[in-house]
Amino acid sequence: MTLISLNTAAQLAGVSKRTLWRRIAASTLSASRSADPQGRTLLSLADIAKDIGLTLDGEVIAAILGADTGLARDQLELALIFLEAGLPDKALPWLRLAVKQGDADAMLILGETQLEGRGADTKADLIWIRRSAIAGHPLALAIMEALPGQLTRQECPGV
């Protein structure tokens, strides 16, 4: 049985933690009797599978488990899987988690995803692409150089 944290389960299912606690209290969802080393409540991934919107193959499960442990690359991978499946609302929180850890790829993809009409503030979206360029992402730098007055190569140390 594959176990994930309550927080990850809520994020994957697109519901609040409170909703999951209500399901546990109503016995429609069960929590593991043991917590993980961090003291987090654990749920079976299979129990929320129908709420995720993805086929849970090996690649998806591996990304979920890595994202659950807080690995930025797996959070980004999971976001990309959701984007590929046409589920941008479920992708954005995972992108934001990877961005918080300084992942330049995630910054670029977050900015691009939001610019494609999924965000409300074009200026803020460009900031993510700019931060990605400053962090050394070559594609982000090329995008920013193509936009007049946005960013020059000299502003990006190490690129």
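Here are a few things to note about the model shown:
- Out of LEU80, LEU76, sole residue that is within 28 Å of THR113 (Cα to Cα), part of a helix (DSSP H, G or I), aliphatic (A, V, I, L, M) and open to solvent by 60 Å² or more (accessible area, probe 1.4 Å): LEU80
- Residue list for the range 71-110, filter: without any contact (Cβ under 8 Å) to a residue 24 or more places away in the chain, among the small types (Gly, Ala, Ser) and over 14 Å from GLY14 (Cα atoms): GLY86
- Complete set of residues in the range 83-103 that are within 24 Å of PRO138 (Cα to Cα), surrounded by 15 or more Cβ atoms within 10 Å (Cβ to Cβ) and of a type in the set (Gly, Ala, Ser): ALA91, ALA98
- Residue selection: LEU71 satisfies the criterion of being surrounded by fewer than 19 Cβ atoms within 10 Å (Cβ to Cβ) and among the hydrophobic types (A, V, I, L, M, F, W, C).
- Only one entry of ALA9, ALA67, ALA62 meets the criterion of being over 14 Å from PRO93 (Cα atoms), in a helix (DSSP H, G or I) and at pLDDT 95 or above, and that entry is ALA62.
- Selection status of ALA106, under 12 Å from the mean Cα position of the chain (by Cα), at pLDDT 90 or above and open to solvent by less than 20 Å² (accessible area, probe 1.4 Å): no
- Screening THR55 against (1) surrounded by fewer than 14 Cβ atoms within 10 Å (Cβ to Cβ); (2) part of a helix (DSSP H, G or I) leaves a single unmet condition, (2).
- Exactly one residue out of LEU43, LEU29 is buried (at least 16 other Cβ atoms within 10 Å of the Cβ), touching a helix residue (DSSP H, G or I) at 6+ places or on another chain (Cβ under 8 Å) and assigned to a loop (DSSP other than H, G, I, E, B), and it is LEU29.
- For LEU65, the test of being open to solvent by less than 10 Å² (accessible area, probe 1.4 Å), within 29 Å of VAL99 (Cβ to Cβ) and touching a residue at least 24 places away in the same chain (Cβ under 8 Å) is failed.
The values are calculated or read from the model by the stated rules, or taken from the named source; none is laboratory data. The model shown is predicted, which means the values in this text are computed figures rather than measured ones. Note: ideal-geometry Cβ built from the backbone for every residue, glycine included; neighbour counts use all protein chains shown. With ligands, DNA and RNA removed, areas are computed over all heavy atoms of the protein, side chains included. Shrake-Rupley method; radii C 1.70, N 1.55, O 1.52, S 1.80 Å.
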